[in-house]
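This report refers to the structure that appears directly beneath it.
The values are calculated or read from the model by the stated rules, or taken from the named source; none is laboratory data. Please read these numbers as outputs of a predicted model, since none were measured by experiment. Cβ sites come from the backbone with ideal geometry, for glycine too, and all protein chains shown count toward neighbours. Note: areas computed on protein heavy atoms with side chains; ligands, DNA, RNA excluded. Shrake-Rupley method; radii C 1.70, N 1.55, O 1.52, S 1.80 Å.
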Amino acid sequence: MRSGVATALWVMLGWGAAWALSSVVGGGPAGFESTVFWLPTAVALGTAIAVAGWRLPWVLGGAAAAAAVAALFDGRGAGAALGFAVIEAGSVGAAAWIGRASRDAADPRFAWGGQVTAALVVAAVGATAALPLWGAIAPGASLAAEWRAWAVSGFVGALLAVPPIVGLSGFRAKRSGGMGTRAFLAGAAAFAAFVACAAWVFQADVSDRFGGSIGPTLAYLPLAPLVAASVLWGSRGGPLAIAAGALLVIGWTAAGHGPFAELEGFAGEAMLEVQGYVAVAALLAGWMVAQQAALASALEQAKDWQVRYRQVLDGTGTVAVTLDAPTGACRWGEGGAALPGGAPPHVRAWIARAEPADQPLMLAEWDALVKGRQGSATWRWPDAQARLAAVRGPDGEIELVTGLVQRGQAGG
């Protein structure tokens, strides 16, 4: 009970801090009536996805209480505060169910896709559920505009906040392992290049330096080093780089700097454009980070299987061999040179070591293996035994024959 209350209190504190950050950095200039990104709900969603199951009700309760307090602080009545609390808990709960279902997926790309889907759900459900409430609070307001503002800012905020919260939830400081110094420094250099490039593009005089039509095109130039930094820093540091980079770009644009702010056709257009810019950056970099994490996971599994495979072969005195079906050339694994007589380069030289009476049958079985008439065979020598299996390629033809040779087996 005490731990659950502490969870709810921490969620309320995080919700409040995110509310302040959204207002200060993402509030936008005059004429833009919404925030560029809405982080409080995103913080609650990321926490709800990351925590243990028994903490989830406390997270939803803390988020609901924080939303009610924020509504009262904003001058809303008790009824409106209760309504916002219910919407907060409902939208976060629905989205967290999706995020939690994919959280522990073996494929990092599937887990990232679940987070993006959760971001869409929390934005769409919250915006839709809030329409009746907005209709009662502001009867003359455009409900379509209110839905769009809520959904877009909620989606952008979730894209920025949910991945780093989930990624860092299992972080533990360790003396060894994790990111290497070289990768960290390379990522830091790439992020510094992003900051320098973004600062060069997102300045007040961008139109004078590049021309009105070139500035918006150059706005996407900083994405390259940002993606590089995200990939180098991996599934934990990468989302933080994405979020930090997005906050910088949003802050500069909100201050009236950069190509988006200087080429406004109507009040608030720059903030709408930077919302799209940030969403594209987060989706692109996030997908690249997920791809890199999937590759790293596959390589780690392959390395683990390789170690186990070698242990089994060494422990049983077994040597692996691969024979090219068209040519009969042999490619030996570790230990092949230790075979009696060494590692033969060709299948016919290998067969020639068998007893003369066994060689015709072995040649006939080799012909049957490479032509697909026989799937496996067992060959014996006075000092070894081999088990062979034919392997078909994508076209259905036999591409190679694999074998395991065990030394010290008497022929028979």
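Val280 versus Arg310, label points 7 Å from Cα toward the beta carbon: distance in nm? Label-label distance for Val280 and Arg310, simple model: 4.7 nm. Here's how it looks for Leu400: its modeled amide H is under 5 Å from those of Ala325, Val391, which are all 5 or more places away or on a different chain.
When the Cα positions of Trp54, Ala228, Ala285 are compared along the charge dipole of the chain, Trp54 comes out farthest toward the positive end, with charges on each C-beta of Lys, Arg, Asp and Glu. What separates the Cα centres of segment 5-19 and segment 318-332 is a distance of 63 Å. Distance between the 7 Å Cα→Cβ label points at Lys371 and Ala138: 8.2 nm.
With a 1.4 Å probe and all protein chains left in place, how much of the accessible area of the chain comes from carbon and sulfur atoms, in whole percent? About 64 percent, which is the carbon plus sulfur part of the accessible surface.
A crude spin-label estimate for the pair Gln359 and Asp104, with each label 7 Å from Cα along the Cβ direction, gives 6.0 nm. Computed with a 1.4 Å probe over protein heavy atoms only, the accessible surface of segment 39-101 comes to 39 Å² per residue.
Helix 56-73: angle to the longest alpha-carbon principal axis of the chain, degrees 0 to 90, nearest 10? In the chain, helix 56-73 runs at an angle near 20 degrees to the longest axis. Subtracting the Cα-Cα distance of Ser297 and Thr322 from 0.36 nm times their residue separation leaves 6.3 nm of extension gain.
Taking Cα centre as origin and charging only the Cβ of basic (Lys, Arg, +1) and acidic (Asp, Glu, -1) residues, the dipole magnitude of the chain rounds to 1300 debye. Here the Karplus relation 6.51 cos²θ - 1.76 cosθ + 1.60, evaluated at θ = phi - 60°, turns the backbone of segment 312-328 into coupling constants of 5, 4, 5, x, 9, x, 10, 10, 8, 9, 10, 10, 6, 4, x, 9, x Hz, with x for every Gly and Pro. Diffusion coefficient of segment 261-361 by Stokes-Einstein, Kirkwood radius over Cα pairs, 10 °C, 1.306 mPa s: 82 µm²/s.
Computed from the C-beta positions of Phe184 and Thr402 and an R0 of 60 Å, the FRET efficiency is 0.90 to the nearest 0.05.
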